[in-house]
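K.L.:
Structure in structure tokens, see below.
The values are calculated or read from the model by the stated rules, or taken from the named source; none is laboratory data. Note that the structure is predicted; figures quoted are calculated from it, not measured. Quick reminder, even Gly has a Cβ in these numbers, built from the backbone with ideal geometry, and neighbours come from all protein chains shown.
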Amino acid sequence: MNWRTLARYFIHGMAFSFLFFVLSIAWVFAAISLVNIGALIGLVIGVVLLFLLVGFINSIITTNLWFRVRSRFWDLLFHGIALSVVLLALNGITISLPNFASPGIATSIITFVIAAFLDGFAAVKLAGYWRAECAPWIRVLRAEKMSGRRLAFALSKNALAIIIELAIIFPIVWIVSASFRSYGSLLTTTLQIIPPHPTLEAYSWALALNSPFWPALTNSLLVSLFTTGFCLLVASPAAYAMSRFRFLGKRPILYALIFIQFVPGLLMFIAFFYLLLFLKLYDNLFGLALIYVALVLPFDIWNLKAFFDTLPKDIDEAALIDGASYWGAMFRVVLPLAAPGMAVTAFFSFLTAWNEFALANVILGSEANYTLPLRLYALTQRDIATNWPHFAALSILSSIPLVIVFMVIQRYLRAGLAIGAVKG
Amino acid sequence: MSKKPKPSPFLKDIWRRNAVAYLFMFPSLVMLIVFNAYPIIFSIGIGFTDMTIYNITGGYKFIGLTNYQKLLSVYSSQIQYVLYKTVIWTVTNVALQVAVGLALALLYNSKDLFGKKIHLAIVILPWAMPGFTSILIWYGMFQTGFGSINQILRTVGLPGPNWLNNEWLAFAAYNITNAWLAYPFMMTVILGALQSISPELYEAATVDGAKSWHKLRHITLPLIKRPLLLATLLTTNTTFQQLNVQYLLNLGGPARLNETVMVFGYRTILTGNFYGLASAFLGLVLIIVLLIGFFGLRVSRIAEEAK
Amino acid sequence: MNFLADVLLENVTKKFEDGVVAVKDLYIEVKDKEFVVLLGPSGCGKTTTLRLIAGLEMPTSGKIYIGGEDVTKLEPWARDVAMVFQSYALYPHMTVYDNIAFPLKMRKCPKAEISRRVEDTAELLEIKDFLKRKPRQLSGGQRQRVALARAIVRNPRVFLMDEPLSNLDAKLRVLMRIELKKLQKRLGVTTIYVTHDQTEAMTLADRVAIQFSGALQQYAPPTKVYSRPENKFVAGFIGTPPMNLIDGKLSIKENQGTVEADDFTIKIDQELKERLTQKNDRLPTDITYGVRPQDCRISARSEQREWVTGKVYGVELLGSENVIHVEVGKNRIVALASDQSTYQMGDTVRVNLTSKKAHIFDRNTEKNLML
């Protein structure tokens, strides 16, 4: 990503806004005359025209600035619909949010610039995505000359998928909506997805310097990072040994690893409690982290071993002959190649530690030590008096980083699980 | 091509490599023994004492099999009830997860879908959300008055019941919540397995005259049986051990009516009484779990792959 | 460091966990600068032998010496040997330069010297243009040369090669064979090379060690292995098409010797008979008679009584000559005929199996009675 590309995004956004502004005047005239034909028909045609317009503008700009985009009717239509939705949402957020916080000319200008940039970025990505994913599909559909029934079947599958996804993300939509409400406005008995008077009160409360969010976040981060790092450090050599060497006791240890993972964690809670009391680490984040390591370690070793197994042993042996010691062979040759597997394993360890509630509830007593799960739980405990918007804001803030990382990694997760699935 | 013979663990000839291997394993072994093996043994041991939170630091006595006797006589009806609830929960929810996972995997494997990357990213979202957050969100959504579930019901004209205060409605709530949380795992595994089936098989079947339903029954399902079973085993274990869902939603059912083994054990730990009794109970559960796990492993022959 | 680099395996045995005895009481000595090939079918123990020398396996009993030094208990990196794997085993995440430099880096060579030696070796193997690339961007032949470079750059005492050419296409294989031999002569490094391809063995080796089921069958220069096989296995393994081996009963009378196979009799060449009686006091009755297709003669009509009669059941037209498969009694005999011959399936032909280049093997011990 260099300055030139960034500038192009900006130009794209500006060009789009300009063209849209100009052409929308024409559209308004067209729309007015259409309404005269008949309200409903006119509305429908007007909307379709609008989408076509959006799609058309974007394809022209994209073709000139970046790469060729198809501009047949259906392409433009779907393209336009998608882009309109995205732009609406995007602009809605970028323009309204800062102006909430501090309205003014400076803010407006900055907002405008950022909006243009984001618009351009979104438009190009959409065009590219369209070109890569959807256009070929349409071409295939056309080429196969599907019968009407078949086409309807295919379309209904898509519709079904969309409906299902809407149902799935509903909780997330709800919580996002809740986070923008004021305390009282949540307590309605009718369904309202878009809050009537959106407010940022919940977020400002959560992000304030004295809110419980920051200490809880720090605690969670400390514990999770320690668990992940320590586990990886300890598990890597062990997994390497299990994968490469043959030694007395390897089988029993392998079985033990599986066995441990099947033992209900609850069984060990009392013992953990006792152990930490004994080590004087009760109500201590470090103690909690140690227990987490115990919980995560068997899985880590197992996973890493499976991953190491996929790397050919030849390279190890070549390294041994070339003069590396066993440690050197592992460190310089195998580990670099196993980096993706290690990243996935690390991510899962981090996730486990971050999400853990039950044990933390038992072990951590003082509020100062609360991790995020505990803090969120504490918020909901005042029942009727629960401040849901606060809770919502806090939930979102504590979820976003995780979700983003997850989205980035998910391709590898699916690949990793696929390997495990096929082999298993 | 000559075969490469497998290296052997003959004591005499690679004792030195044994030493190196142990060195590599050492830190892990220490952690595993201190923080895994010892707690398990100790926990089982607690089952033979009268420990509570008051005498945990000293003063608890060894009382032999008294706890077990009590469990099987005095408390037997309660235990049966909890076990019964646990079994119903596990079976229902795992079935639900498999059904949803399978259905979605089949849908999302279809080539008629476009924009698969985005679809998959959305569908995997429940997995991305932190569990405790999601459960608490569902807690909010199941609230009688302002919970969105009831809001939706009212919009359609149906009454909005009190989910969390009714034994079986709460059970339904548990199922919905956990299904939402857990289906991505099952779906991902099945999807991976589906994608590894060579399309040529389906083409051959088409030539042989098979319809979609036949293809599903005779090609797809048998070929994904193995990973499916493995995933089912894993998720059965996880679902069985699940306590966050029940605990965070309504502490295990109105008046403890929906307590599973895990929730029961957890609440006992939190209140601090009857550690000994609870440990004995969990010890019994452990035996059951091990037996099932053992047979499950045998069935899916994981042990073979472990080499 | 390249002192006298002879290799000695002294009564080495390697037994694996599952009971398989890969190497049985092996005694092999390789002279300094010699090119020795370990040849044999799959599973004969040749790769295990190589790995024992490399230090990747430890012998169950016996000792291994390199340059007079007992290395039996030494780890691979201490033995100063270099190995080229069948799969090349290049480090995928490193550039070609780093791959070649790796062994030098492990021995803590100074950077300037590493650079010089890598460049020289790359020049020698003509891969200088690829130094910045990664292995996955190279073709099979190029990767093989990188693997070679990595082995050469250290100037080791011994080269070990495990079927390095088997992944290349036929033409490239022939080219590389010649290159390898030239390279070895030029560098003067003791080389031990494993293969199952006898053409490779015969062209490359100073001496060939033929192994079967973990035991050494014969250890001699290629010509000797071909013309004077020590036992039935070697005789049947070396040579294309393979030697005809016919079981029969030996009968030596005053003036002539014969081998009675089930349906026919083969007359033994006089010179052969003399040598046979000379070298052996007692001759066994059950023997195997071996004669190479090259030494058999075939004719549509021959009146000589010594020739045996058979029916053609297969003809291979090789262009330079024809290979005729003949069914004689219950035996299948292969003979070579000129490319002009016109034998057809089902023809009745006469074959002359008597030759002074034939061999007689004791059926029980399988040893060559001629030596």
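K.L.:
Have a look at B:THR133, B:THR155 and point out the one that is among the hydroxyl-bearing types (Ser, Thr, Tyr), farther than 23 Å from A:ARG375 by Cα, in a helix (DSSP H, G or I) and modelled with pLDDT under 90.
P.N.:
On the way: B:THR133 fails: farther than 23 Å from A:ARG375 by Cα.
Just one listed residue meets the conditions, B:THR155.
K.L.:
So B:GLY209 passes all but one of these: (1) on the phi > 0 side of the Ramachandran plot; (2) among the small types (Gly, Ala, Ser); (3) within 13 Å of chain A (Cβ to nearest Cβ). Which condition number does it fail?
P.N.:
Unmet for B:GLY209, out of (1) on the phi > 0 side of the Ramachandran plot; (2) among the small types (Gly, Ala, Ser); (3) within 13 Å of chain A (Cβ to nearest Cβ): (3).
K.L.:
Right, next: Condition first: surrounded by fewer than 16 Cβ atoms within 10 Å (Cβ to Cβ), under 30 Å from C:GLY68 (Cβ atoms) and either within 23 Å of the chain's Cα centre (by Cα) or without any contact (Cβ under 8 Å) to a residue 40 or more places away in the chain (or both). Can you find one or more residues in the stretch C:133-155 that meet it?
P.N.:
No, that holds for no residue.
K.L.:
Now, a different point. Could you tell me which residue of the stretch C:186-214 is nearest to C:TYR27 (Cα to Cα), considering only residues that are surrounded by fewer than 20 Cβ atoms within 10 Å (Cβ to Cβ) and over 14 Å from the mean Cα position of the chain (by Cα)?
P.N.:
For the stretch C:186-214, the residue satisfying everything is C:SER213.
K.L.:
Which condition number in (1) away from chain A (no Cβ under 14 Å); (2) loosely packed, with under 15 Cβ neighbours inside 10 Å is the one that B:TYR202 fails?
P.N.:
(2)
K.L.:
Taking into account only those residues within the stretch B:148-161 that are among the small types (Gly, Ala, Ser) and within 9 Å of another protein chain (Cβ to nearest Cβ), which is nearest to A:ILE175 (Cα to Cα)?
P.N.:
Step by step, filter the stretch B:148-161, then rank; the result is B:SER148.
K.L.:
When you look at C:LYS33, is it more than 11 Å from chain B (Cβ to nearest Cβ), assigned to a loop (DSSP other than H, G, I, E, B) and touching a residue at least 12 places away in the same chain (Cβ under 8 Å), yes or no? I'd like the intermediate steps shown before the answer.
P.N.:
Details: more than 11 Å from chain B (Cβ to nearest Cβ): yes; assigned to a loop (DSSP other than H, G, I, E, B): yes; touching a residue at least 12 places away in the same chain (Cβ under 8 Å): yes.
It is true that C:LYS33 is more than 11 Å from chain B (Cβ to nearest Cβ), assigned to a loop (DSSP other than H, G, I, E, B) and touching a residue at least 12 places away in the same chain (Cβ under 8 Å).
Residue-by-condition table, conditions (1) part of a helix (DSSP H, G or I); (2) at pLDDT 75 or above:
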{"position": "B:THR52", "(1), (2)": "no, yes"}
{"position": "B:ILE56", "(1), (2)": "no, no"}
{"position": "B:GLY59", "(1), (2)": "no, no"}
{"position": "B:ILE79", "(1), (2)": "yes, yes"}
{"position": "B:LEU83", "(1), (2)": "yes, yes"}
{"position": "B:THR86", "(1), (2)": "yes, yes"}
{"position": "B:ALA95", "(1), (2)": "yes, yes"}
{"position": "B:ALA99", "(1), (2)": "yes, yes"}
{"position": "B:LEU102", "(1), (2)": "yes, yes"}
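K.L.:
Of all residues in the stretch B:255-269 being more than 7 Å from chain A (Cβ to nearest Cβ) and part of a helix (DSSP H, G or I), which is surrounded by the fewest Cβ atoms within 10 Å (Cβ to Cβ)?
P.N.:
Step one: of the stretch B:255-269, the residues more than 7 Å from chain A (Cβ to nearest Cβ) are B:255-261, B:263-264, B:267-268.
So of that shortlist, the ones also part of a helix (DSSP H, G or I) come out as B:255-256, B:261, B:263-264, B:267-268.
Working: B:ALA255: 11, B:ARG256: 15, B:VAL261: 26, B:VAL263: 26, B:PHE264: 26, B:ARG267: 16, B:THR268: 21.
Looking at residues that are more than 7 Å from chain A (Cβ to nearest Cβ) and part of a helix (DSSP H, G or I), I get B:ALA255.
K.L.:
Determine if the stretch C:272-287 includes at least one residue that is in contact with a His (Cβ under 9 Å, 6 or more places away or on another chain), under 30 Å from C:ALA215 (Cα atoms) and crowded, with 16+ Cβ neighbours inside 10 Å. Give the derivation first.
P.N.:
First pass over the stretch C:272-287, keeping only residues in contact with a His (Cβ under 9 Å, 6 or more places away or on another chain): C:272.
Next, only the ones that are under 30 Å from C:ALA215 (Cα atoms) stay: C:272.
Then drop every residue that is not crowded, with 16+ Cβ neighbours inside 10 Å, which leaves C:272.
Yes, the stretch C:272-287 contains a residue that is in contact with a His (Cβ under 9 Å, 6 or more places away or on another chain), under 30 Å from C:ALA215 (Cα atoms) and crowded, with 16+ Cβ neighbours inside 10 Å.
K.L.:
Sort out for me the helices (runs of 4 or more DSSP H) sitting completely within the stretch A:309-381 that have 1 or more residues that are under 23 Å from A:ILE404 (Cα atoms).
P.N.:
A:339-355, A:372-380
K.L.:
Quick one: would you say C:GLY19 is outside any strand (DSSP E or B) and under 19 Å from the mean Cα position of the chain (by Cα)?
P.N.:
No, not satisfied.
K.L.:
Additional query: Restricting to the stretch B:125-174, give me the number of residues that are under 23 Å from the mean Cα position of the chain (by Cα) and farther than 30 Å from A:PRO401 by Cα.
P.N.:
Of the residues in the stretch B:125-174, 7 are under 23 Å from the mean Cα position of the chain (by Cα) and farther than 30 Å from A:PRO401 by Cα.
K.L.:
Among the listed residues C:ASP262, C:ASP247, identify the single one that is surrounded by fewer than 18 Cβ atoms within 10 Å (Cβ to Cβ), of a type in the set (Asp, Glu) and touching a Gly at 6+ places or on another chain (Cβ under 7 Å). Before you say what the answer is, go through the steps one by one.
P.N.:
Details: C:ASP247 fails: touching a Gly at 6+ places or on another chain (Cβ under 7 Å).
Only one candidate passes the filter, namely C:ASP262.
K.L.:
Taking the residues in the stretch C:327-370 that are among the small types (Gly, Ala, Ser) and assigned to a loop (DSSP other than H, G, I, E, B) as candidates, determine which candidate is surrounded by the most Cβ atoms within 10 Å (Cβ to Cβ).
P.N.:
Restricting attention to the stretch C:327-370, the residues satisfying the condition of being among the small types (Gly, Ala, Ser) are C:329, C:335, C:337-338, C:341, C:346, C:355, C:358.
Okay, now just the ones that are also assigned to a loop (DSSP other than H, G, I, E, B), so C:329, C:341, C:346, C:355, C:358.
Values: C:GLY329: 14, C:SER341: 16, C:GLY346: 8, C:SER355: 18, C:ALA358: 22.
Among those that are among the small types (Gly, Ala, Ser) and assigned to a loop (DSSP other than H, G, I, E, B), it is C:ALA358.
K.L.:
Here's another thing I want to ask about it. So, in the stretch B:109-126, of the ones that are within 7 Å of another protein chain (Cβ to nearest Cβ) and in a helix (DSSP H, G or I), which residue ends up nearest to B:ALA179 (Cα to Cα)?
P.N.:
For the stretch B:109-126, the residue satisfying everything is B:PRO126.
K.L.:
Could I ask something else about it? Quick check on this structure: which one of A:LEU217, A:LEU266, A:LEU304, A:LEU279 is in contact (Cβ under 8 Å) with a residue 60 or more places away in the chain and surrounded by fewer than 20 Cβ atoms within 10 Å (Cβ to Cβ)?
P.N.:
The match here is A:LEU217.
K.L.:
Another question about this same structure. Out of everything in the stretch C:42-54 that is at pLDDT 90 or above and within 8 Å of another protein chain (Cβ to nearest Cβ), what residue ends up being nearest to C:THR13 (Cα to Cα)?
P.N.:
C:THR48
K.L.:
Also: Confirm whether C:LYS73 is farther than 22 Å from C:GLN184 by Cα and assigned to a strand (DSSP E or B).
P.N.:
Judged against the criteria, C:LYS73 is not a match.
K.L.:
Okay, next question. Scan the stretch B:104-116 and tell me whether some residue there is under 29 Å from B:VAL289 (Cα atoms), surrounded by fewer than 20 Cβ atoms within 10 Å (Cβ to Cβ) and of a type in the set (A, V, I, L, M).
P.N.:
Within the stretch B:104-116, not a single residue is under 29 Å from B:VAL289 (Cα atoms), surrounded by fewer than 20 Cβ atoms within 10 Å (Cβ to Cβ) and of a type in the set (A, V, I, L, M).
K.L.:
If I go through the stretch B:252-291 residue by residue, how many of them are of a type in the set (A, V, I, L, M) and closer than 15 Å to B:GLN241 by Cα?
P.N.:
11
K.L.:
In the stretch B:23-41, what residues are facing chain A (nearest Cβ under 7 Å) and either under 18 Å from A:TYR255 (Cβ atoms) or over 24 Å from the mean Cα position of the chain (by Cα) (or both)?
P.N.:
Correct list: B:PHE24, B:MET25, B:PRO27, B:SER28, B:MET31, B:LEU32, B:ASN36, B:ILE40.
K.L.:
I need a count of the residues in the stretch A:272-308 that are of a type in the set (Asp, Glu) and either part of a helix (DSSP H, G or I) or at pLDDT 90 or above (or both).
P.N.:
1
Results for (1) at pLDDT 80 or above; (2) under 33 Å from the mean Cα position of the chain (by Cα); (3) assigned to a loop (DSSP other than H, G, I, E, B), shown as yes or no for each residue.
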residue: A:MET1; (1), (2), (3): no, yes, yes
residue: A:ARG4; (1), (2), (3): no, yes, no
residue: A:ALA7; (1), (2), (3): no, yes, no
residue: A:ILE25; (1), (2), (3): yes, no, no
residue: A:ILE32; (1), (2), (3): no, no, no
residue: A:VAL44; (1), (2), (3): no, no, no
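K.L.:
Which is at pLDDT below 90, closer than 30 Å to C:LEU8 by Cβ and away from chain B (no Cβ under 14 Å), of C:ARG117, C:ARG150, C:ARG154?
P.N.:
Numbers: C:ARG117 fails: at pLDDT below 90; C:ARG150 fails: at pLDDT below 90.
Unique residue meeting the criteria: C:ARG154.
K.L.:
Next up: Restricting attention to the stretch C:172-185, does a residue exist that is touching a residue at least 24 places away in the same chain (Cβ under 8 Å), outside any helix (DSSP H, G or I), surrounded by 18 or more Cβ atoms within 10 Å (Cβ to Cβ) and not charged (D, E, K, R)?
P.N.:
Checking the stretch C:172-185: not a single residue is touching a residue at least 24 places away in the same chain (Cβ under 8 Å), outside any helix (DSSP H, G or I), surrounded by 18 or more Cβ atoms within 10 Å (Cβ to Cβ) and not charged (D, E, K, R).
K.L.:
Which of the helices (runs of 4 or more DSSP H) found entirely inside the stretch C:219-325 contain at least 3 residues meeting this: touching a Cys at 6+ places or on another chain (Cβ under 6 Å)?
P.N.:
Filter on the stretch C:219-325 gives an empty set.
K.L.:
Just wondering, is there one or more residues in the stretch B:171-179 that are hydrophobic (A, V, I, L, M, F, W, C), in a helix (DSSP H, G or I), under 22 Å from A:ALA161 (Cα atoms) and more than 9 Å from chain A (Cβ to nearest Cβ)? Reasoning before the result, please.
P.N.:
Narrowing the stretch B:171-179 to residues hydrophobic (A, V, I, L, M, F, W, C): B:171-173, B:176, B:179.
Then keep just the ones that are in a helix (DSSP H, G or I); that gives B:171-173, B:176, B:179.
This time we only want the ones that are under 22 Å from A:ALA161 (Cα atoms), so: B:176, B:179.
Still in the running and more than 9 Å from chain A (Cβ to nearest Cβ): B:176, B:179.
Yes, there is a match, as at least one residue in the stretch B:171-179 is hydrophobic (A, V, I, L, M, F, W, C), in a helix (DSSP H, G or I), under 22 Å from A:ALA161 (Cα atoms) and more than 9 Å from chain A (Cβ to nearest Cβ).
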